[in-house]
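Presented below is the structure to which this report refers.
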Amino acid sequence: MSQQAYEALSPETLAARIGAIEAIRNRIGDPAAWTVREVGDGNLNLVFIVDGPDGSVVVKQALPYVRLVGDSWPLPLKRAFFEYNALIRQAERDPGSVPEVFHFDEEQAIVVMEFLAPHVILRKVLIEGGRVEGLAEMLGRFCARTLFRGSDLAMPTARRKADAAMFLGNVELCDITENLVFSDPYFEAEMNHHTPALDPVVKLLREDIDLKIASQHMKAAFATNAETMLHGDLHSGSVMVTETETKVIDPEFATYGPMGFDVGMLIANFLHAYLSQPGHAETPGARDAYQEWILGVVADLWAAFEDEFSRLWRSERTGILYQASLFEDQGHARGAEQARLERLAAIWRDTLGFCGIEMHRRILSLAHNADFEKIEDEATRARLEARALMMGRTLAVARGEITSMAQVLDLARATN
Ligand code: ADP
Ligand code: MG
Ligand code: MG
Ligand code: MG
């Protein structure tokens, strides 16, 4: 198959096209007995579930264009290469955190991976008011492990530089982030759309020079600080869960960037879940306790990130930065601790900045969050979205003055 030119799969052709691949066949059995369902609900790619006599796999294939928009917006197939390379690194850096990869075909832009079942997309669970045991801890640890272990804090520098060079080649997907996330919300970009009743708030935000500057400071950090391998698209639609298990999927936006980006995007999506709850409450107030649970997840996620980052700082600083030979070995262990706290403070500040901007783009730019989109009553939706926009503005602009998670939670409660 790899000798053939690229061709999109379909449920009808899939078994004939990839049935001969042993890594798949051995796992799920005779292709003559496969059944294939297309399940992709994402914005970009084809996703199939293939059920065989002995098991199931997921087959994800990139399309040469953006699925959400159509072939008028071409997008390179190479994103499957970045997704595959990110998945195998994440599996190494945080074992069990992502679906196992069974097969990769670069030419056909296909990744064959573990079928996560009975997992469902976290965003859906948050809209329905469901809880997941260990969610915050897993996500905080995932961020700490992948971000720390992909950086010069841990990696041999030649490998880190090679990986940075490779992942910085993910130009077109970075370009989507650079435009859709950091710029489009702040002017009338072509693909923007928003709930009409938000017009006055949107006008205010677009006249807000401090906010515009903040968005560009964060864009500069994203585009130029090639600190570590990011997931790059770490929102609640890229997390799959059961009641007790959490997995991360869909790292095709992987690039080298600043640590706060993934953490900030995740927290923004939890804050959207929090602020949108009144639009999903069966009766007024019915989601109050659930909202507090979400805030608990945000707090615990950051705490787990800090804990694991600190543990790795103390035990795994094997890269070229803050070497033990300069600190611990000289009797300056306290210096290493001070440096750790200063690094964490910088990540925190970036996290808040990225969080605020992400809260804007998911309401004003192209790809919106179902958390708000699913609220049918437009007046309710606009009211809740306006709150999220105002909170995002505060986080982005005042990121240097907000020094504790308690302040963020208070701000969320005051905004709600
Ligand atoms: P896209 O890049 O197009 O957003 P995703 O990787 O997010 O594609 O996959 C789209 C959907 O397919 C997910 O929302 C999920 O429902 C399903 N899916 C993707 N990967 C898996 C998997 N490994 N196991 C089970 N379902 C999956
Ligand atoms: Mg996705
Ligand atoms: Mg909308
Ligand atoms: Mg994707």
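Laid out as a table, the results:
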item	result
Count of the stretch 48-74 residues which are without any contact (Cβ under 8 Å) to a residue 24 or more places away in the chain and either aromatic (F, W, Y) or at positive phi (or both)	3
Count of residues meeting criterion [polar (S, T, N, Q) and either within 12 Å of the chain's Cα centre (by Cα) or within 16 Å of ligand 3 (Cβ to nearest atom) (or both)] in the stretch 217-238	2
Residues being in a loop (DSSP other than H, G, I, E, B) and either within 22 Å of A165 (Cβ to Cβ) or within 10 Å of the chain's Cα centre (by Cα) (or both) - total across the stretch 239-267	8
Residue tally, condition touching a strand residue (DSSP E or B) at 6+ places or on another chain (Cβ under 9 Å) and outside any loop (DSSP other than H, G, I, E, B), over the stretch 94-135	16
Given (1) at positive phi; (2) in contact with a strand residue (DSSP E or B) (Cβ under 8 Å, 6 or more places away or on another chain), index of the condition F148 fails	(1)
Identity of the residue in the stretch 64-93, part of a loop (DSSP other than H, G, I, E, B) and more than 9 Å from ligand 1 (Cβ to nearest atom), that ends up surrounded by the most Cβ atoms within 10 Å (Cβ to Cβ)	L75
Residue selected from the stretch 366-416 under the condition of a type in the set (A, V, I, L, M) and in contact with a Gly (Cβ under 6 Å, 6 or more places away or on another chain), by the criterion surrounded by the fewest Cβ atoms within 10 Å (Cβ to Cβ)	I375
Residues of the stretch 273-296 satisfying the condition of being outside any helix (DSSP H, G or I), free of Cβ contacts under 8 Å to residues at least 12 places away in the same chain and within 18 Å of A388 (Cα to Cα)	A281
Some residue of the stretch 148-169 being more than 21 Å from T242 (Cα to Cα), within 16 Å of ligand 4 (Cβ to nearest atom) and either modelled with pLDDT of 95 or more or not assigned by TED's automatic domain parsing to the domain that holds F261 (or both)	yes
Unique residue being among the polar types (S, T, N, Q) and within 22 Å of W293 (Cα to Cα) when the list is T318, T394, T351	T351
Enumerated helices (runs of 4 or more DSSP H) restricted to the stretch 136-230, each holding at least 3 residues that are exposed (fewer than 14 other Cβ atoms within 10 Å of the Cβ) and among the hydrophobic types (A, V, I, L, M, F, W, C)	157-167, 209-224
Residue satisfying all of: in the stretch 106-134; closer than 25 Å to L168 by Cβ and either surrounded by 20 or more Cβ atoms within 10 Å (Cβ to Cβ) or within 19 Å of the chain's Cα centre (by Cα) (or both); farthest from ligand 1 (Cβ to nearest atom) among these	Q108
Every pair of residues 6+ apart whose Cβ atoms lie under 6 Å, when the first sits in the stretch 81-95 and is in the same structural domain as N45 (by TED's automatic domain parsing) while the second is of a type in the set (V, I, T) and part of a helix (DSSP H, G or I)	Q90/T146; R93/T146; D94/T146
Residues of the stretch 196-215 satisfying the condition of being farther than 15 Å from G392 by Cβ and in contact (Cβ under 8 Å) with a residue 24 or more places away in the chain	P196, A197
The stretch 36-57 - residue that is part of a strand (DSSP E or B) and within 13 Å of ligand 4 (Cβ to nearest atom) and, of those, surrounded by the most Cβ atoms within 10 Å (Cβ to Cβ)	L46
Segments classed as helices (runs of 4 or more DSSP H), wholly inside the stretch 297-416, with at least 1 members that are over 21 Å from the mean Cα position of the chain (by Cα) and assigned by TED's automatic domain parsing to the domain that holds G134	333-364, 378-397, 405-415
Residue pairs meeting the criteria (Cβ under 7 Å; at least 6 apart or on separate chains; first in contact (Cβ under 8 Å) with a residue 60 or more places away in the chain, in the stretch 330-350; second of a type in the set (G, A, S))	I347/G260; R349/G400; D350/A221; D350/G260; D350/G264
Residue match in the stretch 2-17 (condition: assigned to a strand (DSSP E or B) and either touching a Leu at 6+ places or on another chain (Cβ under 8 Å) or within 14 Å of ligand 1 (Cβ to nearest atom) (or both))	no
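The values are calculated or read from the model by the stated rules, or taken from the named source; none is laboratory data. If you're wondering where the values come from, they're calculated on a predicted model, not measured in any experiment. Reconstructed Cβ throughout: ideal geometry from the backbone, glycine too, with neighbour counts over all protein chains shown.
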